[in-house]
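**Student:** If you scroll down you'll find the structure; I have some questions about it.
Just so it is clear, none of the values below were taken in a lab; they were calculated from the coordinates. Just so you know, these numbers come straight off a predicted model, no measurement behind them. Note that each Cβ is placed from the backbone with ideal geometry, even for glycine, and that neighbours are counted across all protein chains shown.
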Amino acid sequence: MQDVARHAGVALSTVSATLTAARPVSADTRARVEASMAVLGYRPNALARGLATKRSRVLALAFPMGPAGLSRTSAEFVLGATEAAQDRGYQLVLWPFAADAAGALLDVARQGLADGVLLMEVGLADPRVSALLAAGIPLTLIGRTAQDGLPVVDVDFDATLTAAVQHLAGLGHRRIALVNHDAHRVADGHGPTVRAGRAFHRVSASLGLDVRELFAAESVAGGRLAAEDLLDVPEAPTAVIVMNEEAAFGLAAEFAARGVRIPADLSVAAVVSTPAVAGQTVPPLTTWHAPGADLGRAGVDTLLTVLDTGEVPEPVLIGCGLVDLGSTGPATGPAHAPQTPGESPAHDNPAVTR
């Protein structure tokens, strides 16, 4: 460090502050120090930095991965958090503890291996949150419990489901179904499942729509069964919103097997997914893209604010952005109930309710 200080023409304390962020350093000075480090081939010792700052410079991301591992959508959250941590001089480690393994998570967190914990797949009454809070371990949630006043970043499910339902209603759809996650997710209080369902019913009721919510196993087979349930009724929906990435593949496959054309006969859209996932079905599904990378970065920034100040920032809620891949269209086609003679089609006037 002394060689770097001499080469950059700054005090040793300035080099230390550049490495540890113990105090502000101007952009020009930081650039000189970093350039000198590059010329001299200096690499800071993470253990020594941790001893000096009493921090490990490590953040933990607790993500309860199932047998399928990390989905493409979840990976965007992880990659965003990883990049943000590295940009701020930290490393991110993944702790794949199950959501109900609060004791095991707490045992590791108490060892001081990480300065704070980011929690994903948050439940409305999440035992991990209460355990970490009771132990005084800094945390931030990528998701929300039913408790206010916690450091959180999350998908804005209200805004996202409102946008999706209004999009379909604007195309004239009056019978819309939501294919949500497995029913046990509701029983477990899984935040995304519960919040998406509540938002769907709220906005649908405000528009006077005829809706159904189905809970499908998170698998291709679960999606096929959900498709059968949707189609084998007298008043089948004219549009389907999918909040279940694994089931989406089975839905699309079963619709194709039954000769249902998307979107000519049935409009289908995915929410809180990614175009990369939705693009793997046939046809690709119009998607409300989950802001995973942005929320991952926001989660890291919120956790560092908690670590640096001890204060809880305002919640960060980000809605999903529409990526139109052409799988939604006007409510017309042979799969729909015939119009009463002389009746105007609903899609000619989106404000009409029946």
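**Student:** What whole-number volume per residue, in cubic angstrom, does the convex hull of the C-alpha atoms of the range 1-41 give?
**Tutor:** So the per-residue Cα hull volume is 54 Å³.
**Student:** Compare ALA164, ALA38, ALA101 in a GNM of the chain, Cα atoms joined below 10 Å, and give the one with the largest fluctuation.
**Tutor:** Result for the chain, Cα springs under 10 Å: ALA38 fluctuates most.
**Student:** For the residue pair LEU94 and LEU133, what label-to-label distance in nm results when each label sits 7 Å from Cα along the Cα-to-beta-carbon direction?
**Tutor:** Here the answer is 2.8 nm between the modelled labels.
**Student:** Connecting C-alpha atoms closer than 10 Å in a GNM of the chain, tell me which of VAL108, VAL155, VAL25 has the biggest fluctuation.
**Tutor:** Among VAL108, VAL155, VAL25, the largest GNM mean-square fluctuation belongs to VAL25.
**Student:** How large are Rg and Dmax for the chain when calculated on the C-alpha trace, in angstrom?
**Tutor:** My reading of the Cα-based Rg and Dmax gives 24.7, 88 Å.
**Student:** Hey, any idea what Rg/Rh is for the range 148-300, computing Rh the Kirkwood way over Cα pairs?
**Tutor:** 0.96
**Student:** For the chain, what is the mean residue ellipticity at 222 nm derived from helices alone (per DSSP H run of n ≥ 4: -39500 (n - 2.57); sum divided by total residues; nearest 500 deg cm²/dmol)?
**Tutor:** That comes out to -13000 deg cm²/dmol.
**Student:** For the chain, what is the relative contact order in percent, using Cα pairs closer than 8 Å and at least 6 residues apart in sequence?
**Tutor:** About 18 percent, as a whole number.
**Student:** I've got another one for you. At q = 0.13, 0.14 Å⁻¹, what is the base-10 log of I(q)/I(0) for the range 226-316 according to the Debye formula with one equal point scatterer per Cα and no solvent? Please give it to two decimals.
**Tutor:** Those come out to -0.55, -0.59, one per q.
**Student:** In addition: Taking 8 Å as the Cα distance limit and 6 or more residues as the minimum spacing, I'd like the relative contact order of the range 92-247 as a percentage.
**Tutor:** Here the relative contact order equals 21 percent.
**Student:** Whole-Hz ³J(HN,Hα) for each residue in the range 140-150, computed from phi via Karplus 6.51 cos²θ - 1.76 cosθ + 1.60 with θ = phi - 60°, x for glycine and proline: what do you get?
**Tutor:** For the range 140-150, the Karplus-derived couplings read 9, 9, 9, x, 9, 8, 7, 8, 8, x, 9 Hz, x marking Gly and Pro.
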